[in-house]
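**Student:** Please see the structure below; I have some questions.
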Amino acid sequence: MLQDPSTQKSQICPTCGTRLSESATRCLVCGTELTAKAATKSKKAERGMQASQMPQLTLSLPAALGALTLILMIGAATVYFSLRAGITGATITEPTLEGTATETVTVTPTATETQPPTPIPTETPLPPFDYTVREGETCGLLAAKFQVSVQSIIIQNQLSSQCFVSVGQALKIPYPTSTPAPPPTAIPNEATQTAQACEKVPYTVQENDTLSSISFNYNVPQDAIKFYNGLSTDSVFIGQSLLIPLCERFATPGPTPTATLPPPYQAPNLLLPADGAAFTLANDVVTLQWASIGNLRENERYQITIEDVTSGQGRRLTEYATDTKFIVPTSFRPNDNLAHVIRWWVTTVRQNGVDEQGQPVYDSAGAISEKRVFTWVGVAVEASPTP
């Protein structure tokens, strides 16, 4: 058997530290001569090196893994407690464990089938219809004919505020809107009559009219006028049709022996002929036209006064009509070839009984319109003889 090299005697080279056999006299690495003194020195060096070596620890693989795991756990615990102590300045908030929600079963009752509500029909406005202007027709006549306001015709056709139309012009005429019926209860000012039995007077808004002026003229509160006409604001426009509830008039002290009459109407607005117009013998028909002030009552009329200024005050004609136009009779035409100045105006009157001959007696029921004039030649002018 071979002898373990660690048990053989050897010496150390004093120069390079190479281990040599005890009988070697020369170092095979560095070539140093080994004498007896050198051999003794090498032995001391060997003993010094052996004394300075660290003890060797040999562990099996499972033990090594367990030691490594223990070291990692110690390091992790050190870091954890260091962070909790605020070494790094961070604060760790431990999450709060929330309880698990327990679902509660709710018993839902069986739904009862309900019938859908009956839909309320809504009124669909009709589109305007086409109309061609005929001879002698004006906006006022068309408004009265189709029971619409002049303002609605102006807005529908984008006309000027004077509402001038010509023969053959195509217009869009809106259908009249129905007046909303007042509710049977909750009447303003705590009136004793119901809305159905309340006496109402139609009124057409004139130029410069306001809701306050209409209220003052009829002695009816503004709120009552707004209520009966479905108005949400105090604004009114020219040509707008209103219903004036006479049953809402402010009470007057003392008993009223007679029926309460509506206040005076506004002055009618004259339309045609224009002021200063000229007519000749070729014009057999002269038609006077004015704007409607609203629906007249059964005992009310328009009073038309026509006088021949050229012939003096003795030649005057007074007629009554419910329409907003009047044709001057040909008997009133002058009988000479002079241009007679004819003056005319219109007002509103109300019948107040009859006279001894059974003719109606009329009293004034409104303001007098402006006075206009036109010229009318009754006989053709003779041509001068040619020399």
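**Student:** Do we have any residue at all in segment 40-61 that's part of a helix (DSSP H, G or I) and modelled with pLDDT of 80 or more?
**Tutor:** Yes, the conditions are met somewhere in segment 40-61.
**Student:** Hey, among E248, E199, which residue is acidic (D, E), modelled with pLDDT under 85 and open to solvent by less than 60 Å² (accessible area, probe 1.4 Å)?
**Tutor:** E248 is the lone residue from the list that is acidic (D, E), modelled with pLDDT under 85 and open to solvent by less than 60 Å² (accessible area, probe 1.4 Å).
**Student:** Which ones in segment 285-342 are without any contact (Cβ under 8 Å) to a residue 40 or more places away in the chain, farther than 19 Å from S364 by Cβ and of a type in the set (D, E, K, R)?
**Tutor:** D308, R315
**Student:** If you go through segment 233-249 one residue at a time, how many are part of a loop (DSSP other than H, G, I, E, B) and not aromatic (F, W, Y)? Walk me through how you get there before you give the answer.
**Tutor:** Going through segment 233-249, the residues part of a loop (DSSP other than H, G, I, E, B) turn out to be 233-240, 249.
Narrowing the set further to residues that are not aromatic (F, W, Y) leaves 233-236, 238-240, 249.
The total comes to 8.
**Student:** Looking at segment 122-142, is at least one residue closer than 30 Å to P245 by Cα, at pLDDT below 80 and surrounded by 13 or more Cβ atoms within 10 Å (Cβ to Cβ)?
**Tutor:** Yes, that holds for at least one residue.
Residue-wise test of (1) in contact with a helix residue (DSSP H, G or I) (Cβ under 9 Å, 6 or more places away or on another chain); (2) part of a strand (DSSP E or B); (3) modelled with pLDDT under 85.
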| residue | (1), (2), (3) |
| --- | --- |
| G168 | no, no, no |
| N189 | yes, no, yes |
| Y203 | yes, yes, no |
| L231 | yes, no, yes |
| T252 | no, no, yes |
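**Student:** Next question, about the same structure. Please find, within segment 323-349, the residue that is surrounded by the fewest Cβ atoms within 10 Å (Cβ to Cβ) out of those that are farther than 17 Å from L271 by Cβ and either polar (S, T, N, Q) or in contact with a Pro (Cβ under 9 Å, 6 or more places away or on another chain) (or both).
**Tutor:** S331
**Student:** With the requirement that a residue be open to solvent by 30 Å² or more (accessible area, probe 1.4 Å) and part of a loop (DSSP other than H, G, I, E, B), what does segment 309-322 give you?
**Tutor:** V309, T310, S311, Q313, G314, R315, T322
**Student:** While we're on this one: State the number of residues belonging to segment 277-308 that are surrounded by 13 or more Cβ atoms within 10 Å (Cβ to Cβ), of a type in the set (A, V, I, L, M) and assigned to a loop (DSSP other than H, G, I, E, B).
**Tutor:** 4
**Student:** If I go through segment 143-152 residue by residue, how many of them are in contact (Cβ under 8 Å) with a residue 60 or more places away in the chain and either aliphatic (A, V, I, L, M) or surrounded by fewer than 16 Cβ atoms within 10 Å (Cβ to Cβ) (or both)?
**Tutor:** Going through segment 143-152 one residue at a time, the tally reaches 3.
**Student:** In segment 255-270, is there at least one residue being more than 35 Å from the chain's Cα centre (by Cα), surrounded by 16 or more Cβ atoms within 10 Å (Cβ to Cβ) and at pLDDT below 80?
**Tutor:** yes
The values are calculated or read from the model by the stated rules, or taken from the named source; none is laboratory data. A quick note: this is a predicted structure, and the numbers were derived from the prediction, not measured. Ideal geometry is used to build each Cβ from the backbone, glycine not excepted, and the neighbour counts take in all protein chains shown. The protein model used for the area step is the full one, side chains on, heavy atoms only, and it has no ligands, DNA or RNA in it. Shrake-Rupley method; radii C 1.70, N 1.55, O 1.52, S 1.80 Å.
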